[in-house]
2 protein chains.
Amino acid sequence: MRQIEQDELESLATGASILGSGGGGAPYIFQINLQNLYADGVRVKLMDPSDLADDDLVAVVTMMGSPLVGQERLADAEIGAKALRAMEDFLGRRFSAVMTMEVGGGNAFQPLLVGAVTGLPVVDADAMGRAFPEAQMNSFAIADLPMSPLSIADIRDNEIVVTRAASWKWLERLSRKVCAELGSVAATCKAPRTGAEVKAYAIPNTTSQAIALGQEVRRARAAHEDPVAAALVAAKGKLLFRGKVADVQRQATEGFLRGTTRVEGIGDDRGAVFDVAFQNEFAVGWRDGKIVVTTPDLICLLDTESGEAIGTESLRYGQRVSVVALPASPVLRTPKGIAHVGPRAFGHDTDYITVFEEQGQ
Amino acid sequence: MRQIEQDELESLATGASILGSGGGGAPYIFQINLQNLYADGVRVKLMDPSDLADDDLVAVVTMMGSPLVGQERLADAEIGAKALRAMEDFLGRRFSAVMTMEVGGGNAFQPLLVGAVTGLPVVDADAMGRAFPEAQMNSFAIADLPMSPLSIADIRDNEIVVTRAASWKWLERLSRKVCAELGSVAATCKAPRTGAEVKAYAIPNTTSQAIALGQEVRRARAAHEDPVAAALVAAKGKLLFRGKVADVQRQATEGFLRGTTRVEGIGDDRGAVFDVAFQNEFAVGWRDGKIVVTTPDLICLLDTESGEAIGTESLRYGQRVSVVALPASPVLRTPKGIAHVGPRAFGHDTDYITVFEEQGQ
């Protein structure tokens with residue numbers, strides 16, 4: 001167990017944005033909220049999952065909703081705590097720690113905010129190692145753990161518990177409809193996990209990895225080195241393409257931000273084009289019309305100068321970007337993992353294509 | 001406590017349809033389901049609310065959704081029991097009896113179905129004495145009793161508990177969205193009531209009254225007497241108009257069936273027209289363009305020959321109808337009651353106009 005220091009918050013924001021793979025929402029407002037709490041002297045504790053007792057109960061907390069709405073409506077730490085308390089009331093048990101479902105994007109911060117107002121330690125782990133758009137796209141679902149109960153709370157005084165769901169898809173449908181009715185931003189506390197479950201099925205140390213990745217990008221930038229190259233070393237990734245955003249097709253439909261973007265090559269990639277399709281997160285990449293990479297590989301568009309991630313909601317014409325791929329957690333690359341988070345789960349009729357084959361699993 | 005006999009089921013269907021005031025959904029499928037259970041030897045017990053102990057816990061059960069969908073998708077007694085069990089699991093307490101929220105229409109039968117499969121007695125009471133379209137339109141809401149928790153269950157394996165709601169309107173919005181997502185038919189178990197609350201704030205003996213009303217209509221019909229006149233005597237109502245349905249404007253919008261119908265007079269009313277506006281239930285009546293009656297008076301259109309109620313979803317050109325009014329429960333006619341269920345609550349800019357003024361409260 002260690003304390004997360006103030007300076008690490010900005011590194012976490014940078015690292016979590018990159019791991020968001022274009023989605024997960026911008027961490028900026030979460031980070032500002034947490035910095036305000038830090039300014040008041042609050043500190044959050046980070047614990048290694050191996051320090052959990054088997055029968056500890058861990059709250060898995062997220063903010064849910066549209067990334068675009070999330071930029072306009074403030075996320076309040078108290079809302080997350082309300083969802084957690086609603087779950088405790090339902091279970092008749094208290095949580096001993098809190099963790100995130102997805103380390104990619106703003107939700108890397110949600111357990112820190114909840115930890116800051118409840119005093120609970122944050123488990124250094126998540127269930128994606130990145131961001132994904134749907135409820136069944138995580139390592140707990142891949143392991144067939146129970147998906148319910150799930151609590152939802154808003155800034156008013158509404159609290160809903162989905163006590164049973166017929167499937168992950170039903171859980172997704174029901175919670176998304178409730179979230180939309182609440183104004184497209186709501187806090188959730190997902191199915192509680194025992195310490196034993198977290199140790200067996202979560203993806204460990206992803207919060208630390210996000211902080212380290214952000215630290216390295218910031219260090220390189222301050223030293224006038226190439227921050228994209230630094231990110232690739234820190235996350236063991238590969239550069240796929242360098243260019244300029246030439247086109248963005250984007251639609252907010254059924255609670256998702258769907259679309260494609262085209263990058264026209266510059267430098268070594270002059271004359272080539274790289275297309276990327278997304279559903280909140282980037283899912284498939286084509287170089288000159290041929291698929292070269294798919295989810296669950298993390299496809300990320302980084303600002304070539306700063307190394308900061310560009311979210312699918314922030315893409316615009318003329319941005320100088322580096323398209324990179326980072327390796328997905330091994331559990332996502334198993335056949336069962338591919339069924340949950342591979343390209344077909346995003347509606348693309350192709351097998352999983354990775355740029356990390358030679359690294360094996 | 002007495003047993004509800006097989007022959008009373010058809011009388012309850014007839015009486016509850018009339019008290020539905022055009023809404024509440026047709027009881028037919030509920031009745032058939034219950035008759036099947038009766039054919040297997042099951043019997044349901046009806047208890048007077050005065051026999052409840054103050055700390056008894058009463059489950060308030062309904063089927064929720066669109067009346068039109070309700071006619072096409074079977075209501076299963078087990079679904080209602082699932083909603084009740086979900087509430088018991090949430091509360092960590094068992095119910096000792098079950099009751100309906102609205103005696104008008106199909107939901108008069110819902111506690112009987114749940115009672116049949118759980119063995120729980122049915123309290124002879126409801127919270128409307130009729131049918132109403134929205135969650136806050138009932139005597140418990142008028143008495144400012146807590147509105148949550150509310151459980152929702154479907155034919156699959158989905159269960160949702162709204163553990164807190166910011167207002168009755170929010171409870172309505174959230175439960176209706178969930179219901180729509182579940183296919184527009186779902187069973188609910190509304191906020192549990194203590195025996196003391198039921199005795200103080202429910203409308204007593206409405207199930208018995210519905211049975212007696214139906215029995216009288218059926219008796220008159222069998223005796224070749226005027227069944228409409230018999231209904232008026234049994235329910236202390238008034239005949240407002242006799243005629244033929246000349247027009248129906250009807251729209252299914254936002255989960256409600258809204259519209260108007262025009263009746264052209266025959267007999268004593270020849271040359272006059274009577275218009276009625278509805279939102280699931282009939283809400284306002286105009287004779288030759290002048291408002292003569294509004295909710296919460298029960299405005300009912302009865303088939304002139306059979307005395308059976310005609311639901312707003314079943315209105316069609318050429319039907320011979322008698323427009324009648326039945327007196328509303330006193331609690332609905334208080335200023336607070338009118339605020340919840342008067343014409344303005346249905347979007348009509350008029351004060352409450354009753355045809356029962358001289359009867360007082």
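The single residue among B:Asp126, B:Asp154 that is in the same structural domain as B:Glu10 (by the TED database), in contact with a Lys or Arg (Cβ under 9 Å, 6 or more places away or on another chain) and in contact (Cβ under 8 Å) with a residue 40 or more places away in the chain turns out to be B:Asp154. Would it be correct to say that B:Gly307 is surrounded by 21 or more Cβ atoms within 10 Å (Cβ to Cβ) and either modelled with pLDDT under 95 or outside any strand (DSSP E or B) (or both)? For B:Gly307, the condition - surrounded by 21 or more Cβ atoms within 10 Å (Cβ to Cβ) and either modelled with pLDDT under 95 or outside any strand (DSSP E or B) (or both) - is met.
A:Ala196 meets the stated requirement of being in a helix (DSSP H, G or I) and more than 8 Å from every other protein chain (Cβ to nearest Cβ). Restricting attention to segment A:160-179, the residues being assigned to a helix (DSSP H, G or I) and at the interface with another protein chain (Cβ under 8 Å from one of its Cβ atoms) number 5.
Residues checked against (1) more than 16 Å from the chain's Cα centre (by Cα); (2) closer than 20 Å to A:Val161 by Cα; (3) in the same structural domain as B:Glu254 (by the TED database):
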site	(1), (2), (3)
B:Ile79	yes, yes, no
B:Lys82	yes, yes, no
B:Glu88	yes, yes, no
B:Arg94	yes, yes, no
B:Ala97	yes, no, no
B:Pro133	no, no, no
B:Phe140	no, no, no
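Checking each residue in segment B:285-316 for being under 16 Å from B:Val273 (Cβ atoms) and not hydrophobic (A, V, I, L, M, F, W, C) picks out B:Gly285, B:Arg287, B:Asp288, B:Gly289, B:Lys290. Considering segment A:87-105 alone, what residues qualify as being crowded, with 24+ Cβ neighbours inside 10 Å and within 11 Å of chain B (Cβ to nearest Cβ)? Across segment A:87-105, the qualifying residue is only A:Met87. The single condition among (1) closer than 20 Å to B:Cys189 by Cα; (2) more than 12 Å from every other protein chain (Cβ to nearest Cβ) that A:Ser148 does not meet is (2). Only one of the listed residues (B:Cys179, B:Cys189) is buried (at least 19 other Cβ atoms within 10 Å of the Cβ), assigned by the TED database to the domain that holds B:Asp7 and over 20 Å from B:Leu91 (Cα atoms). That residue is B:Cys179.
Can you find a residue in segment B:123-131 that is under 30 Å from B:Phe346 (Cβ atoms) and within 14 Å of chain A (Cβ to nearest Cβ)? Within segment B:123-131, none of the residues are under 30 Å from B:Phe346 (Cβ atoms) and within 14 Å of chain A (Cβ to nearest Cβ).
Sub-8 Å Cβ pairs linking a first residue in segment B:199-211 that is under 17 Å from B:Val331 (Cα atoms) to a second residue that is polar (S, T, N, Q) and modelled with pLDDT of 95 or more, at least 6 apart or interchain, are B:Lys199/B:Ser50; B:Tyr201/B:Ser139; B:Ala202/B:Ser139; B:Ile203/B:Ser139; B:Ile203/B:Ser329; B:Pro204/B:Ser50, ordered by first then second residue. Of all residues in segment B:316-323, none satisfies being aliphatic (A, V, I, L, M) and closer than 19 Å to B:Val103 by Cβ. Taken as a whole, the structure leaves B:Lys199 outside the set of residues that are among the charged types (D, E, K, R) and under 19 Å from the mean Cα position of the chain (by Cα). Within segment B:60-71, is even one residue outside the structural domain of B:Lys236 (by the TED database), in a helix (DSSP H, G or I), farther than 20 Å from B:Val98 by Cβ and modelled with pLDDT of 95 or more? Looking through segment B:60-71, none of the residues is outside the structural domain of B:Lys236 (by the TED database), in a helix (DSSP H, G or I), farther than 20 Å from B:Val98 by Cβ and modelled with pLDDT of 95 or more. Looking only at residues in segment B:239-291 that are surrounded by fewer than 21 Cβ atoms within 10 Å (Cβ to Cβ) and of a type in the set (Phe, Trp, Tyr), which one is modelled with the highest pLDDT? Result: B:Trp286. In the set (1) part of a helix (DSSP H, G or I); (2) in contact with a helix residue (DSSP H, G or I) (Cβ under 9 Å, 6 or more places away or on another chain); (3) more than 27 Å from B:Arg94 (Cα to Cα), B:Ile32 fails one condition alone, (2). Of the residues making up segment B:131-157, those that are assigned to a loop (DSSP other than H, G, I, E, B) and within 12 Å of B:Gly337 (Cβ to Cβ) number 5. Please indicate, with yes or no, whether at least one residue in segment B:199-206 is buried (at least 23 other Cβ atoms within 10 Å of the Cβ), outside any helix (DSSP H, G or I), of a type in the set (Gly, Ala, Ser) and within 14 Å of chain A (Cβ to nearest Cβ). There is no residue in segment B:199-206 that is buried (at least 23 other Cβ atoms within 10 Å of the Cβ), outside any helix (DSSP H, G or I), of a type in the set (Gly, Ala, Ser) and within 14 Å of chain A (Cβ to nearest Cβ). Within segment A:245-259, one or more residues are out of contact with any Gly (no Cβ under 8 Å at 6 or more places or on another chain) and farther than 27 Å from A:His340 by Cβ.
Test B:Leu145 against the criterion of being without any contact (Cβ under 8 Å) to a residue 60 or more places away in the chain and in the same structural domain as B:Thr188 (by the TED database), and give yes or no. So B:Leu145 fits the description; yes.
The values are calculated or read from the model by the stated rules, or taken from the named source; none is laboratory data. Quick caveat, the model's predicted, so the values are computed rather than measured. When we count neighbours, we look across all protein chains shown, and the Cβ atoms used for this are built from the backbone with ideal geometry, even at glycine.
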